[in-house]
Amino acid sequence: MTVSNEDELDKLREIGRIVANTLEAMGAAIEPGMTTAELDAIGRGLLQRAGARPAPELCYGFPGATCISVNEEIAHGIPGQRRIAAGDLVNIDVSAEKDGIFADTGASFPVPPASKALERLCRDGRRAMWAGIRQVGADRPLAGIGQAIGEFARKNRYTLVRNLASHGVGRSLHEEPTEVATWPDRSERRTMTEGLVFTVEPFLSMGAEWAEDGDDPWTLFSEPRAPTVQFEHTVVATRNGAMVVTLPG
């Protein structure tokens, strides 16, 4: 999607705020002993009360309102009877639609008491995302995002999952530009146009470089198995840099 008027921008900001508030509330609600289905129900209720529809369910028939991935699961985890335990790493991905406009956000949460390494990974995952977001702006190269995230990962001795990419969003959950690398990609030649809407969502890991399929049609696992975090914002490329629309408020 390319934002072309204030009405579109207002709608994008509204759904961005809704998914951000939902993510924040779900993260705060995590506690040992609860199931991922119970956590998902919290998210569903918040989205419904805001007049939004869960995007994975709407677009792909995903069996849940949100994606909740625990430990070795790194993306598209199906909410169910798995119980969250102290020390777990929980990723929540919230995307939704309202008034024909979609927004997408996500974050990883260490469940206390968690290891120092896991807490540091979560902190650095957010920092890696912002390193990429700082490269966003009209007429700037898309490749700059992956280069900045890659440099952050290299300096801090992390790996990046290289087959889960950022993507365009707005009129649908996934649209052009597709496969925006959050790792260094010398083949990337595209440029961000003014008003372009897309996600920035690196997967920072303590050893994994790929996501691989599991036993169900959705859940993805780290390969090799290693703690991996994802942080995600929906942004608009402007003349003044990135406008982040998935901030709570």
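Values in this text are rule-based calculations from the coordinates and carry no lab data. What you see is a predicted model, and the numbers here were worked out from it, not measured in a lab. Cβ coordinates were reconstructed from backbone atoms using ideal geometry, including for glycine residues, and neighbour counts include every protein chain displayed.
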Descending Cα extents along the principal axes, the range 1-42, whole Å: 46, 15, 12
Helix-only CD estimate at 222 nm, as mean residue ellipticity for the chain, using -39500 (n - 2.57) per DSSP H run (n ≥ 4): -10000 deg cm²/dmol
Model label zone, Ala28; criterion: amide N under 19 Å from point 7 Å along Cα-to-beta-carbon; scope the range 42-58: 42-51
Calculated FRET efficiency for the pair His174/Asp10, C-beta based, R₀ 25 Å, to 0.05: 0.65
Partner lysines for Lys11 [C-alpha distance under 19 Å; skip if fewer than 8 residues away on the same chain]: Lys98
Gain upon complete extension [Gln81, Arg186; 0.36 nm per residue less C-alpha separation]: 33.5 nm
Partners for Lys155 among aspartates and glutamates (Cα-Cα distance below 14 Å; same-chain residues under 8 apart left out): Asp124
Descending semi-axes in whole angstrom, ellipsoid equivalent of the chain, from the Cα gyration tensor: 26, 23, 15
Longest DSSP-loop-exposure-free segment, trypsin sites (Lys or Arg not before Pro), the chain, at most 14 other Cβ within 10 Å: 1-133
GluC sites (Glu not before Pro) within the range 67-113, DSSP loop, no more than 15 other Cβ atoms inside 10 Å: none
